[in-house]
Amino acid sequence: MMFKRQLDSREAIGFLVRTFYARVREDETLGPIFNGVITDWETHLEKLTDFWEGNLLFFVKKKFEGDPKTAHQKVDEWMGNRMTMEHFGRWINLWIATLDEHFEGETAQIAKNQARKMATFFYLKVFENRLAKTN
């Protein structure tokens, strides 16, 4: 049995983010999207670590700076407005599998729940953006 750790530090969150996005980049559905849009993976992974650290830990060294809602809307536009809930579902499944494989505890559960909420929120914002462009 593999030892599972707590999701309780920036280092642990960085490991989660890097392990998860390595899977995303290899995924046949998500990989072409992420690899097509992200040109500087190192900067992106640091930004995502800031994001998740801010969402999961009370004390953060670096405040997240970014606009994930607009970023998802732009990716949808890049995809020709073909982003679907299945894309977000695939993302969530990989996220949960990565968490389940490496982490345990309350913060890991919170990370799963927050990812579910975010996926729903971002998809709704993508859809609203499409509607706004047709009106």
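Where a number appears in this text, it was derived from the coordinates with a stated rule and is not lab data. Remember, predicted model here, so these are calculated numbers, not experimental data. Don't worry about glycine lacking a Cβ; one is built from the backbone with ideal geometry, like all the others, and counts go over all protein chains shown.
Within segment 78-88, is even one residue buried (at least 16 other Cβ atoms within 10 Å of the Cβ), farther than 30 Å from Lys4 by Cα and either polar (S, T, N, Q) or touching a residue at least 12 places away in the same chain (Cβ under 8 Å) (or both)?
Of the residues in segment 78-88, the ones buried (at least 16 other Cβ atoms within 10 Å of the Cβ) are 79, 83, 87-88.
Adding the requirement that they be farther than 30 Å from Lys4 by Cα leaves 79, 83.
Within this subset, residues satisfying the condition of being either polar (S, T, N, Q) or touching a residue at least 12 places away in the same chain (Cβ under 8 Å) (or both) are 79, 83.
Yes, that holds for at least one residue.
Output the residue which, of all residues in segment 1-40 that are among the β-branched types (Val, Ile, Thr) and in a loop (DSSP other than H, G, I, E, B), is nearest to Lys112 (Cα to Cα).
Here the residue is Thr29.
Is segment 109-122 home to any residue that is in contact with a helix residue (DSSP H, G or I) (Cβ under 6 Å, 6 or more places away or on another chain), more than 17 Å from Arg23 (Cα to Cα), assigned to a loop (DSSP other than H, G, I, E, B) and free of Cβ contacts under 8 Å to residues at least 40 places away in the same chain?
No, because not a single residue in segment 109-122 is in contact with a helix residue (DSSP H, G or I) (Cβ under 6 Å, 6 or more places away or on another chain), more than 17 Å from Arg23 (Cα to Cα), assigned to a loop (DSSP other than H, G, I, E, B) and free of Cβ contacts under 8 Å to residues at least 40 places away in the same chain.
Yes or no, residue by residue, for (1) in contact with a Cys (Cβ under 8 Å, 6 or more places away or on another chain); (2) more than 19 Å from Thr49 (Cα to Cα); (3) surrounded by 14 or more Cβ atoms within 10 Å (Cβ to Cβ); (4) β-branched (Val, Ile, Thr):
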{"site": "Ile96", "(1), (2), (3), (4)": "no, no, yes, yes"}
{"site": "Ala108", "(1), (2), (3), (4)": "no, no, yes, no"}
{"site": "Asn113", "(1), (2), (3), (4)": "no, no, no, no"}
{"site": "Lys117", "(1), (2), (3), (4)": "no, no, no, no"}
{"site": "Thr120", "(1), (2), (3), (4)": "no, yes, no, yes"}
{"site": "Lys125", "(1), (2), (3), (4)": "no, yes, yes, no"}
{"site": "Glu128", "(1), (2), (3), (4)": "no, yes, no, no"}
